[in-house]
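The values are calculated or read from the model by the stated rules, or taken from the named source; none is laboratory data. Given the structure is predicted, the values throughout are model-derived calculations rather than measurements. Here the Cβ positions follow ideal geometry from the backbone for every residue, glycine too, while neighbour counts run over all protein chains shown.
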């Protein structure tokens, strides 16, 4: 029945809509396939648009915060500025900066020749230090001084501790001579291509506190397109948590483009240094090498102090006893011998005289003494002979008490 009503409804629908409606039985369901097709055609454009948006959205989202990231990176870069572009010697210039690490110690210097060649072109004696605040900013008054090199000059700001960071601000010292910048002949880019090492050994003087010396040997290669002529390296030594003490050393020679060569730089510590040290090498503001160095203790110095503590008190004690023997008064009953007099030995002890060297006879060694006679120099004793000695074996009874 339902199938027949559906077929009549479809034929009527081909003619007119009213007949289709009239041909359908009340309560009868329309064809499921046609209804689903109509709904699919109606919902297809929004679905396609949503799928397109979901596909493009992951591509668009990473690109949206890119300007903000560039802006943040630009803000985080350390920068420095001066309040006035020119000032005379004896005055002050206010230096400000931002983008530094919070609570970092900075060093401020006035340098000539745009600080080409390192801090040798700066007025190091008149430099100042400042610590950044919580936001990484600072503000400091820097006295104006003439640098050892001519202008163009800059105010150089660099970190004194921690990771290296620096910034420069153009500045003009009034009345200071101006000269063109020297030609930069070391335009090559040097890099270490082999493991560095410390060569050399300590001598006997180092064992007694002489400055330890080594030679930093490394192989560098020129990665640039121009040769590097007489490059200037910075060699620094540090101990424990202290910052390295940098020293400029110029290596005489030329490293051609694409070539490599061996460089030897001397390294010297202070007198009496011992412990774990770290040797660092920089070129063009870039750290190239960090080589540990274990320096032995100068035991010769320790031995010297131990001997000094033992010998000096002993010598003082002996000198004091000699002085006491000279100064104290003589004891009662003793004869004081003059200083120039010599001690004469006893003749009997030394055997001097005629008897020395003669063998003693038996009679001399044991003098013959008769009975009843005492040796010379001794008192006479009551000696008895066999005939005159009283008999101790007498049988005679002693008289009793009261008898005549």
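Brief remarks on what is shown
- In region 298-318, residue surrounded by the fewest Cβ atoms within 10 Å (Cβ to Cβ) [restricted to those that are in contact with a helix residue (DSSP H, G or I) (Cβ under 7 Å, 6 or more places away or on another chain) and part of a helix (DSSP H, G or I)]: 299
- Put simply, of 275, 300, 258 the only residue that is at pLDDT below 90 and over 30 Å from residue 208 (Cβ atoms) is 258.
- For region 117-134, a residue qualifies if it is loosely packed, with under 15 Cβ neighbours inside 10 Å and in contact (Cβ under 8 Å) with a residue 24 or more places away in the chain, and the qualifying residues are 129, 131, 133, 134.
- Exclusive hit being modelled with pLDDT under 90, surrounded by 15 or more Cβ atoms within 10 Å (Cβ to Cβ) and farther than 20 Å from residue 112 by Cβ, set 228, 164, 243, 194: 228
- Only one of the numbered conditions (1) in the same structural domain as residue 270 (by TED's automatic domain parsing); (2) touching a residue at least 40 places away in the same chain (Cβ under 8 Å) is not met by residue 195, and that is (2).
- Applying the criterion of being assigned to a strand (DSSP E or B) and touching a helix residue (DSSP H, G or I) at 6+ places or on another chain (Cβ under 7 Å) to the residues of region 148-167, the residue that is nearest to residue 286 (Cα to Cα) is 156.
- Candidate set: region 89-103, residues that are farther than 19 Å from residue 146 by Cβ and either in contact (Cβ under 8 Å) with a residue 60 or more places away in the chain or touching a helix residue (DSSP H, G or I) at 6+ places or on another chain (Cβ under 9 Å) (or both); chosen: the one surrounded by the most Cβ atoms within 10 Å (Cβ to Cβ): 100
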